[in-house]
Structures are given as C-alpha cells and as structure tokens.
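Heads up: the structure comes next, in structure tokens.
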Amino acid sequence: MSGSSTGGSLTVSLEGGRTATLPLQDGTIGPQVADIRKLHDQLGVFTYDPGYGNTASCLSRITYIDGDKGVLLYRGYPIEQLAEKSTFLEVAYLLLNGELPNAEQKQDFEHGVLHHNMVHEQIRSFYNGFRRDAHPMAVICSVVGAMSAFYSDSLDITNPEHRRIAAFRLIAKLPTIAAWAYKYSVGEPFMYPRNDLGYAENFLHMMYSVPPEAYRINPVLARAFDRILILHADHEQNASTSTVRLAGSTGVNPFVCVSAGIASLWGPAHGGANEAVLKMLTQIGSVANIKDFIAKVKDKNSGVRLMGFGHRVYKNYDPRAKIMQKTCYEVLQELGIKDDPLLDLAMELEKIALEDDYFVSRKLYPNVDFYSGIILKAMGFPTSMFTVLFAMARTVGWFAQWKEQVEDPAQRIGRPRQLYIGAPRRDYVPLDQRG
Ligand code: CMC
C-alpha cells in the first residue's frame, strides 16, 4: 500500500544551514502528512511525539475520523447511517472486506459467523482455574489468548484461508467467551450458542438464559445492543488498535494480537471508561453533589477526571455519543424506566460541564462512554461487563486492522525510537566501592 502525493514538500532546516526536504503525502480526505522516513538519513535527527498525537503510524483504508467536525466514517460510510440502517454483522463484513456485502455475500458471512460460535469444549475447563470474582476482562484476555493453543489450523498468517477462518472464529466466539465469563462469575451454568438467533440476540441469550428458562428476547433491546456494537466496531488507530498492530507487526497470530488489544482496552482512559462513568455517577450520588465534584475535577491536584468526557481526537463532539444518547432514551422507554436517577444525574452533569469554561476551553465533550453505561445497566449488564462488551465489538475492528497490516507487502516490524535522557556511558563500579 502507498499514499499519493501532489508534489508538496516540507523543508526542515537545522541551525548551520543543513536542510531536508520531506515529501508530503495526501490521503483521500484529511490533512496531508509529512513523510519523515528519510529525515534521520538526511539530518541525523529523529522526531519526538509522545502519545503519537501528530504521528501517522500507518496507511489505512478502514476508518476515518475528523475530530474537529465530529465525523466518523467506516470505509467511507457515516456512522450515523450505519447505526440507523445496518446491522453489526453487515458492518463487520464492511470493515473486513471494504465494501457492503450483496445479498449472497451477506448470507454466507452471517452463516460463517454463526457456525463458528461454539468454543472448543476443552476451553470450558479454563474458566474453572479463575477465581469467581475475577474481573471478566482478565478472563477474556486470557481465554482469547489461549485460542492460539486450540486453533492451530488458523495460525498461519500468510495463508488467506487461515486468516478468513481466524476472523470467523474471533468474531463468532467472542460473545460465547464473554457470556461465559459472566456466567462463571455468578455461578450459573454456561449456555451454549443458538444458531437460530442473530448475533446480538444470541449473546443476550447466552448471558441471560438459564437451562430451565429461556430468556425472552426483546427486539427493541436486541436492536439497541446491535447498534452499540456498531458504534464500537472500529475507531482508527486508538491505543488498543495500535497495540494489536504493533503486536501483529512481529508476525504473531491474530488470537494473541486480539488478546493484547483486550489488555490495552481495559484501561480507564480507554475502554474502561464506560465502567468508570457508572462508578463515578454512583459515587456522586445526587444532583446536589455535582458542584463539589466539578470543583474536584478542576483541581489538578485531586487527580479526578470527569469520566466519559474528552477525547484525544474529537474536539467538537463525539458523533457516537449523540447516537448513544438517543439509544439511551429508546432503551429506557422500552423498559418503562421513566425517572432513572443516574440518567438525571448524567444529564445535569453534562449540562453543567458543557457550560463550564474549564471544559469548554479545553474542548471536552461527552464521549461514547458517557451514555453507554446507563444503557447497559438498564439492560441488566453488571458494570464489570461493560468493557467486555466493548471488546466484543472492537474485535472486528482489531481484526480488520490486523488483516490490512498483514496483507500490506510494505509492512515492517513496529519499532519506535526514543529520546534517551538517562545516564551517559559509565563504567561498572564494584560493590565495595559504591557510596
Ligand atoms: N476531565 C477533566 N479534565 C480533563 C479530562 C476529563 N475527562 N480530559 C482531559 N482533561 C484536561 C486535562 O487535564 C488537560 O488539561 P490542561 O491542559 O489544563 O493540563 C486537557 O484537558 C487536555 O487533556 P489531555 O490529557 O492532554 O487529553 P488527551 O487527549 O491526552 O486525553 C482522554 C484524552 C480521553 C484520555 C481524556 O480526555 C480522559 O482521560 N477522559 C476521561 C476518560 C474517558 O472518558 N475515556 C474514554 C475515551 S472515548 C472511548 C475510547 O476511545 O476508548
């Protein structure tokens, strides 16, 4: 894969007059990037960009974000249209293959996913090794990594058929693995997947059915859940996706790459934020306490952040948050929840924060996680499962990004540089001569 160039360049000069001319590359949309690959050769300097806020780590055709305008596109399609008109499995096909499927491709893909949803029976025994109170993210991180020990017939990353089957396996089995992590934590029997159900319905069934009684699937809730999956399916080169790509750049199999992505997603600054939002709302307790809480958030020494607010890229609004807010009202209405104290609290918090200069001047707006926790709680998911659901959805994006990287002949092992500020070279001091 290579970018295109309209011939622009960036000239960098060092004191003393030495200069380097760096070509500018054009994307389909979005800002140009300066190609710095020859910078060190020409000037002997590296670039310093902690947090990679100004660095394009790869060329990609999958997802586009314009953070200033609040735009999110999957393969060119606006997230708003996909959330309203598409389904999670159709979006999964789109992310993996670049185009929306025709009727036959859609049927084949859905069949492929649904028929890989059972996990190797031996994987069941894995769960027994965990404490019942283990965080389900810890459990799924381990079990997904362990898939590489079970599916040796889809580990050859150079074989397109192995990659195709590995995609089916990851996308299909994640709901089973996730639901079993929940069942294990509450001491209920594991429920097997059912192929007569759609992707979202099947997951709800494995979460909430018990052998004596099947869970009656509410189509409004299933649709809302499917939409949540669509909203989380991919998000360009975020921390967990970059983790997956970095791990994948070494040539390792996709199961462990996704496991690495799950580990990275767990952090409260990333996917763990939806769980943290709910904890925060519970901790604030009532509208009367918001003022004190906001004061704490603004006090840099407190270490308290307004969870569900702010984003590295979105500096106007997060388009996913808008859809999530609408979905939140639909779900609460369907469940007959008229006055949800947490929702009231969230709305008041949002209102105050959006008017407060601290947040306005820093362009801190609600992100996707601000509302998702309220929806998921209303649907009966325990908070510890929130990030697991995010991981389930993002597995598609991770795989699509991993596949794009593996299929790119220009891909190399990821290996960032550093600015070393430690001790200069010195000689070893024997123990009896140290101060
Ligand atoms: N509450 C209070 N202050 C904040 C917040 C917040 N949530 N987010 C950023 N700031 C302040 C920060 O203190 C800094 O202020 P100053 O310039 O005075 O030092 C300024 O805003 C810029 O912050 P930053 O840390 O440089 O911003 P970032 O782009 O590195 O961080 C973020 C992005 C998402 C990690 C951060 O906004 C945050 O911690 N948010 C809360 C956690 C959260 O909701 N995460 C979910 C992100 S969306 C889902 C996902 O992608 O996983």
- Task: Could you check segment 258-364 for helices (runs of 4 or more DSSP H) lying wholly inside it with 1 or more residues that are of a type in the set (K, R)?
- Result: 273-284, 290-298, 319-334, 341-355
- Query: What is the residue count in segment 355-383 for residues that are hydroxyl-bearing (S, T, Y) and in contact with a His (Cβ under 6 Å, 6 or more places away or on another chain)?
  - Reply: 0
- Condition set of a type in the set (D, E) and assigned to a loop (DSSP other than H, G, I, E, B), scope segment 181-214, selection most open to solvent (accessible area, probe 1.4 Å): answer is D196
- Message: Can you pull out every residue in segment 150-180 that is more than 15 Å from H116 (Cα to Cα) and touching a His at 6+ places or on another chain (Cβ under 9 Å)?
- Response: L155, D156, A179
- Flagged in segment 284-330 as more than 25 Å from Y77 (Cα to Cα) and of a type in the set (A, V, I, L, M), in numbering order, are I284, V287, A288, I290, I294, A295, V297, V304, L306, M307
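Could you identify the single residue in Y93, Y48 that is of a type in the set (F, W, Y), more than 30 Å from L174 (Cβ to Cβ) and at pLDDT 95 or above?
Numbers: Y93 fails: more than 30 Å from L174 (Cβ to Cβ).
The match here is Y48.
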- Of these, G70, G53, G8, G3, which one is modelled with pLDDT under 95 and on the phi > 0 side of the Ramachandran plot? G70
- Message: Residue under question is I262, and the condition is that it be of a type outside the set (D, E, K, R), at pLDDT 95 or above, farther than 18 Å from F88 by Cα and open to solvent by less than 30 Å² (accessible area, probe 1.4 Å); does it hold?
- Response: yes
- Task: Check K363 against each of (1) free of Cβ contacts under 8 Å to residues at least 24 places away in the same chain; (2) within 11 Å of the ligand (Cβ to nearest atom); (3) of a type in the set (K, R) and name the one condition it does not meet.
- Result: (1)
- Query: Is it the case that some residue within segment 219-240 is among the polar types (S, T, N, Q), assigned to a loop (DSSP other than H, G, I, E, B) and away from the ligand (no atom under 16 Å from the Cβ)?
  - Reply: no
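Kindly evaluate F381 against the criterion of being crowded, with 23+ Cβ neighbours inside 10 Å, under 26 Å from A138 (Cβ atoms) and among the aromatic types (F, W, Y). I'd like the intermediate steps shown before the answer.
Values: crowded, with 23+ Cβ neighbours inside 10 Å: no; under 26 Å from A138 (Cβ atoms): yes; among the aromatic types (F, W, Y): yes.
For F381, the condition - crowded, with 23+ Cβ neighbours inside 10 Å, under 26 Å from A138 (Cβ atoms) and among the aromatic types (F, W, Y) - is not met.
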- Message: Return the residues of segment 278-309 that are within 14 Å of the ligand (Cβ to nearest atom) and farther than 26 Å from S384 by Cβ; say none if nothing qualifies.
- Response: I294, A295, K298, D299, K300, N301
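Residue by residue, here is whether (1) buried (at least 24 other Cβ atoms within 10 Å of the Cβ); (2) at pLDDT 95 or above holds:
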site: K351; (1), (2): no, no
site: V368; (1), (2): yes, no
site: A391; (1), (2): yes, yes
site: V396; (1), (2): yes, yes
site: F399; (1), (2): yes, yes
site: W402; (1), (2): yes, yes
site: R412; (1), (2): no, no
site: R426; (1), (2): no, yes
- For T250, state whether it is more than 13 Å from the ligand (Cβ to nearest atom), out of contact with any strand residue (DSSP E or B) (no Cβ under 8 Å at 6 or more places or on another chain), modelled with pLDDT under 95 and of a type in the set (V, I, T). no
- Item | A269 being at pLDDT below 95, within 16 Å of the ligand (Cβ to nearest atom) and over 25 Å from R132 (Cα atoms) | yes
- Given D408, D357, D344, which one is of a type in the set (D, E), under 26 Å from Y317 (Cα atoms) and more than 13 Å from the ligand (Cβ to nearest atom)? D344
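So is I284 open to solvent by less than 60 Å² (accessible area, probe 1.4 Å) and out of contact with any Asp or Glu (no Cβ under 9 Å at 6 or more places or on another chain) or not?
Spelling it out, it is not the case that I284 is open to solvent by less than 60 Å² (accessible area, probe 1.4 Å) and out of contact with any Asp or Glu (no Cβ under 9 Å at 6 or more places or on another chain).
Find the helices (runs of 4 or more DSSP H) located wholly in segment 15-108 whose residues include 1 or more that are of a type in the set (A, V, I, L, M, F, W, C), surrounded by 15 or more Cβ atoms within 10 Å (Cβ to Cβ) and under 27 Å from the mean Cα position of the chain (by Cα), and list them.
On the way: elements: 39-43, 79-85, 88-97.
Helices (runs of 4 or more DSSP H) meeting the threshold: 79-85, 88-97.
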- Message: Residues that are over 21 Å from T176 (Cβ atoms), touching a helix residue (DSSP H, G or I) at 6+ places or on another chain (Cβ under 9 Å) and free of Cβ contacts under 8 Å to residues at least 40 places away in the same chain: does segment 416-424 have at least one?
- Response: yes
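The values are calculated or read from the model by the stated rules, or taken from the named source; none is laboratory data. These figures come from a predicted structure and were not determined experimentally. Positions of Cβ are generated from backbone atoms using ideal geometry, with glycine treated the same way; all protein chains shown enter the neighbour counts. Remember, those area values only see protein heavy atoms, side chains included, never the ligands or the DNA or RNA. Shrake-Rupley method; radii C 1.70, N 1.55, O 1.52, S 1.80 Å.
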